[in-house]
Structure formats: structure tokens, C-alpha cells
Amino acid sequence: MVIDISEKVLIITLLIFAVLTASFTFTHNMQLSNFLELEQVDTTENVERVQNAVSARQGYINYVVQDWACWDDTYQFIEDGNQQYIDVDLQNETLAGIRINVMLFVNDSGDLVYAKSVDVNSAEEKPVPQGLLKMIEDGTLLTKGEDDLISGIVLLDEGPMLIACHPILTTKYEGPSKGTLIFGRFFDNFLLESFKDVTRSSLSMYRTDQEMPPDFQKEFRKFSETPDKILVEPLSKDRVAGYFELRDISGQPALIVRADFPRELYLHGERTLNYMYLFLLFTGLLTGIGVKFAFDRLFISRLVEIDDFVTKVRSEKDLSKRLSLKDNDELYRLSREINGMLNEIYLAEQELKAQEREKKVLLDSLNELVVFVNPEMRIIWANKAALKHMQVSLEKAVGIFLKATPDTSSPLVEYPQLEQVFMTGEKKSGEFTSKDGRIWFFQAIPVADENGKIIGVMETCRDITESKKAEQLLHEKQIAEVANRTKSEFLANMSHELRTPLNSIIGFSDLLYEKVYGEINEKQIKAVGNISRSGKHLLNLINDILDLSKVEAGKLELDYKEFELAGKLSTIKNLLSPIADRKRIEIKIDVDKNLTTIRADEARFVQILYNLLDNAIKFSQESGLVKVEAKKKGDLVEIMVKDNGIGIKAEDQHKLFKPFSQVDPFSSKKFQGTGLGLALVKQIVNLHGGSVWFSSKIGEGSTFAFTIPINGDERDSDNSEVKSLNGTETVEDPDL
């Protein structure tokens, strides 16, 4: 059976429409499934924010109980039960202020020393929940050692409660433990409402030991199979809910929490897909009808098109034109043969032109001077660079004897001996300096025909003056770097040699000062004290030089470990408090609640903060304020030290962070210093892969800040920098 072209078009159109319809239906269902998955992921992320809010509240209680439990006053109160501690520190308003409902002090024998329970909203005293007292009696809430910590939820008759228990230690986190301090906060509607405000979600909560609505019971049974997983279920066509469980201190399920959200993402996606599905079906139908009609109407026109095309090519003699190929029939084969014939004629014509054009384009694109000469040393061809250098056009250059070119000092004729290349048939290359002082690299390559006879030489010359200068500069830079490393290693070795006798001087002077060897008079005591203080000052200077030299010599290695940030800042504050107290300077520490521990070199971290805080105290006015702030910025911790002291002049700020460079020689007489502290700060921060910056206004004070990775485990200082912020303008330090 013979099928004409019109029938073929109809069958193909129907098949295409059927395939498109099936594809659209499959794609619609698949995309709808994807929107369900996106809704699941989005709901899970929203529920995780609720979980994070609950965890943050539990973390806050853990932090507060640790702060109270590791306090010398609390340690003493467990021993003597002094009333002053109760009157001053255990007021109802105190508990309400830190948002704690219950505070229980238990000694190491398990006896309740003191208990208080308040309403956090009204600060009104309430009875202590009996359930907590029973847990103390059976030891459930008692810590077993100095490192023990109990944290989680307990279910009481009065309601669920977030609980935190910490061993009672000294301010320095030392034992032995005197007992257990217990803090509790009811997980009530007020707390639930605060979580709603923070996460902007609708929350519901039920206890697992009481009757729950059917949807909560259903999800609770699923949690037994998939614990610690967020379960997402649609509540209705318009809302979707995410469930998660909270466990008590023994690890058993305590609460089921539901956060529900509008199904905007899924409903919007479903509507969009439906519209697209209908639109594509309608478009496919119209397209099929149009294609069928077009093929029926335009078939005969193809014969006319072929005839017009052949006539036009013959009249215009344009062999680059081609017939468009349509369908697999006689007209298609005829068009293909016509195109093939034209293509062969066109390629033969273009091949000759392309050979000459490719050679010219390729060689003209080179920056090198290129000349091709024949055995009579006459120029056959030259590229643009060579013609420009010889100051002659190609038409005038062709046929000229090479050594008779207008520019007789050209590197093309000044040094290369092309006669030897023609005689030996071997390539020749080398470097030479022309009369004008430029350095050139030349190559002379013989060109042979099919029989091996040399028919010419391709000569190239390239100006390498700048690259030679760059090589010289690199060599000088390497020499300077070797000298700098040698200096740093020498300083490091000398610092070690100086510390040994200094330690002896300091040690023996301290023994004399303490009269270990016998009584000495007052003048001798004063002189020995001066020797000790001067020796210690010199030892600190040598230690700074040693650290700086180690960094410059590449020998300083960081010992990464994880430590608690707030406690470490408090330790540094305590070290410098005596110095600050002499000037009646207040030191405030503000740590982001999201920051608990960081991973860095603990000793070097203390060295950084000590130097910055010591400088802030040193240059602050009497009765001033020094503030230390720690914030989390992505995966970095940012620490800022602010003072309201004398400030730094703009013209002196470039001296900061340079070894042995002090801002003002007159100030250095008033404020002791060597100029090494900030230089060490910069180097140590750089080793941590961080950056340092500062801002300062004369008479208003200064701010020094730095960032380092929160979880650092390798050094990367390539991108570190020091910035000076004057007002709102950022000034980069060119020495960094």
C-alpha cells in the first residue's frame, strides 16, 4: 500500500500529539510528587527551627546552672548555709529575672540544703513540686562526679519541666564536688508561646503519659519505630504538620510537639502544574493542526523552490548557497545531490584560498618577528610584526636581500648566521643582545621539499628583555627571603640563649628579695626588687621576640583543642582585673549565646586576648570602660575589644602591627611597651586562618577585633588581612 506525503504527515502528527500527551501527564505527576517532597523538606526545616529553639532554651538553663554551681559563694553556702547568700542572691526577683521556676541546693550527702520555687512572671513564691523532691530522694537528679551533668525534661504533676543539674564546684571549676545544684523551668504555655513567636509557627504539645488526640497517638506509635526523626503529615488540604518528640532525662519519650504550617508551596505548585498541563495540551493540539495544514499547503512549493534555487545559483555564480533538505523522499534525494555537487565545487575553490589565508592569519597573529627567506637570502614572506620592525610593506619587502633591508640593525640580520643553516640543514637557536640593549631569542628552522632539498629558512626573533628582568627580580627576591629566614632563625636561637641566664638572674634576685639567704637592708631590698622586675620585663620581651621569630622562621606550630569560650574570657578578665582596678576601669564581657566552645590553640588564644585587653586597659582613662564582645559570624568567631581611651592619630595608625614600632615615642614613656604585642596578635591570628582589624578616633577610644574559625584544625593565612576603620572608611594596611 502506497501512502502519500499528506497521509504520512497526518499519522506523524497524531503520534506526536499522543506522545506529548503521555509525556505531559507523566511530567505533571512527577512534578506534583516533587512538590510533595519539597513540602516535606520545607516543613522539616521549619520544625528543626522549633527544635533548635527548645534546645537553645535547655542550653540556656544548662549555662545558668553551671554559672551558679561553679561559684565560690555557692560552694561556701553548701558548707555553712549562711543567710547572707540567701538574702542577697536567692531572692524571688532573681529567679524570675533569669527565668527559672525552681532552684534546689543538695549537699554531697543527698540532703536538701535549700529550695525555692517562684512564678517567673509575677515573682511570687510557689511550693516546690513534690515530684522533684522525690527524685532527689531516690538520687535521680543527683550528679555522680565533678564532670557529671544531668539535663533534659521531667514530667511532674504540675506540668513538664526543663531541668539542669550540675555539681557544685569552685569558681575555678575545681572540686571536690560539694553536692548538686538543680535549676528547673516549667515547659508551660508561656514558654510554648515564646517558641511560637520565635519560630513564627503554630505549636501544640501533649505529654506521653496522658491521653492525646488521635493524630498525636498515631505519630507517637511511629516514633517507637523511628525515634529522633521528624514526622511530616498533611492535616488537611490547606495545612501540613510536623511532629517531633522530646525525651526525659532517662531517655524515654516525654512530650510530643506538633508544628503546623499552611500548604502554600504545594497548593501553588499544584495550581501552576495544572495550568501548564492544560496550556501544553492546547498548544500541542494547535501545533499539530498547524503543521498538518502547512505541509499540505507547502509541498508543491518545494518543487518551485528547487527550480528557483538552481536558476539563482547559475545566474549569481554563488556556490556557497545550499538547498534546505526536507523529508526522506525523491525531492529530498534530489536536493541532497544538488547540495553535494555544489559542495565539492565550492571546497575545491576554497581550498586554494584557505592555504594562503591560513598561513597569513597564523603568522600575522604572532608577536615574534617572522621572516621566510630563500637560499639566495631574499625575503619571500614576512609577518606583520617583522614588517613593522623593518618599517616596510610586504610588497616592498618581497624579493629584497635580507641584509639590505632598511633597518640594518634589525635582530633579523644583526646576529643570526643563516648561511650555516642552509649549509648544515640543522636548526639553530640562541640569545643575543642587540645594539639598543634589548635581549632577543632567535630560531632559524630549515624548510625542505618532498625530496629533502632545503628551499628556505623560517627565522623568528622574540624580545625577551622584560622576562629576563623578571627572572633577575625573582632571583633577588629569593635571596632576600633567605636572608630574612636566616635573621628569624638567628633571633630565635639568640632568644633561647638569653632566657637561660635571665631565668637565673630573676630566680636568685627573688630569693634575695625573700631573704632566703639572710637579712638585707632596705636599700638592698629595693635594688634586688628592681633587678627582678627589670629581668622579668626583659624576659617578656625576649619571649615575644622568640614567638615572633618562630612565626617568621615558620617554626611556630598551633596545638588545637576545644575549650569553653565564655570561661576562657572570664579567666583572662580575672588575670587583668588587678591592673584594671588600679585605674578603676570596669571590664565587661558579652558572649553570643550561640557560642559555647571553639577549637583553637588555647594558649595562643589567651595570648591574643591578653595583649589586646592589656593594651585597652593601658590606654584607657581613669574610671573608664573596656568591653569584650564575642559573636558568631557563619563558621567564624568575631571578638572585639573596645575602650574609651586616648585613641590613635590617623597619621600613626600605619605603625600598628609592625614589630618594635610604637605609635608615639612620647606616649611610650608614659605607657610601657615594646611594640611586639600587636605584631604577635597579627601573626597568631594569621596562623589560625583569621583576620585582624581596628578602628580608632583620637580622644574617643579604639576598637581592636579579630576573627578565627570556630572549629579550626589547619592553618590558612593566605587570605588574612588587617584593616583600619576610621569612622565608616576602611583603610587596608599595605604591610599585611
Quiz item: Hey, fewest Cβ within 10 Å first, where do 387, 498 land in order?
Solution: 498, 387
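For a footprinting-style exposure proxy, rank 291, 628 by other Cβ within 10 Å, fewest first. Walk me through the numbers on the way to the answer.
Details: 291 16, 628 21.
Listed from fewest to most nearby Cβ atoms, that is 291, 628.
Which peptide among 599-611, 206-218 comes first, and what is the full order, when sorted by highest mean count of other Cβ atoms within 10 Å?
599-611, 206-218
Gain in length, residue 365 to residue 218, computed as 0.36 nm per residue apart minus the alpha-carbon separation, to one decimal in nm? Spell out each step's value before the answer.
Numbers: separation 147, 0.36 × 147 = 52.92 nm, distance 7.67 nm.
45.2 nm is the gain from fully extending residue 365 to residue 218.
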Quiz item: What's the extension gain from residue 315 to residue 449 if we count 0.36 nm per residue and subtract their Cα-Cα distance?
Solution: 44.0 nm
Exercise. Please work out the FRET efficiency for the pair residue 275 and residue 15, using the Cβ-Cβ distance as r and a Förster radius of 22 Å; give the result to the nearest 0.05.
Key: 0.25
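If you place +1 on the Cβ of every Lys and Arg, -1 on the Cβ of every Asp and Glu, and leave all else neutral, what size is the dipole of segment 201-262 about its Cα centre, to the nearest 20 Debye?
Here the size comes out at about 120 debye.
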Quiz item: With each label point set 7 Å from Cα along the Cα-Cβ vector, what nm distance links residue 376 and residue 530?
Solution: 10.1 nm
Quiz item: How do 178, 649 line up, fewest other C-beta atoms within 10 Å first?
Solution: 649, 178
Exercise. Pop a pseudo-label 7 angstrom from the Cα along the beta-carbon direction at both residue 478 and residue 560 and give the gap in nm to one decimal.
Key: 3.3 nm
Exercise. Just report the Cα centroid separation between segment 506-523 and segment 191-260, whole Å.
Key: 73 Å
Quiz item: Got a sec to turn the phi values of segment 507-524 into Karplus ³J(HN,Hα) couplings, 6.51 cos²θ - 1.76 cosθ + 1.60 with θ = phi - 60°, whole Hz, x for Gly and Pro?
Solution: x, 5, 5, 5, 5, 5, 5, 7, 6, 5, 8, x, 6, 10, 6, 5, 4, 5
Quiz prompt | Ratio of Rg to Rh over segment 515-651 (Cα coordinates, Kirkwood Rh, two decimals) | solution = 1.06
Quiz item: Rounded to the nearest 0.05, what FRET efficiency is calculated for residue 504 and residue 589 with R0 set to 41 Å and r the Cβ-Cβ distance?
Solution: 0.60
Practice problem: State, to one decimal in nm, how far the label point of residue 599 lies from the label point of residue 338, with both points 7 Å from Cα in the Cβ direction. | Solution: 7.4 nm
Exercise. Distance from a point 7 Å along Cα→Cβ of residue 146 to each backbone N in segment 54-81: keep the residues under 14 Å and list them by number.
Key: 70-71
Quiz item: Under 16 Å from a point 7 Å along the Cα-to-Cβ line of residue 324: which residues of segment 13-42 have their amide N that close?
Solution: none
Quiz item: In the structure displayed, which of 642/697; 428/469; 116/588; 388/468 lie more than 19 Å apart, Cα to Cα?
Solution: 428/469; 116/588; 388/468
Self-check item: Sites residue 247 and residue 574 - FRET efficiency at Förster radius 41 Å, r taken between beta-carbons, to 0.05
Solution: 0.60
Quiz item: How big is segment 102-254 by the Kirkwood estimate over distinct Cα pairs, in Å?
Solution: 17.6 Å
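Only the coordinates and a few stated rules stand behind these numbers; no lab work does. Please read these numbers as outputs of a predicted model, since none were measured by experiment. Glycine also receives a Cβ, built like all others from the backbone with ideal geometry; neighbour counts cover every protein chain displayed.
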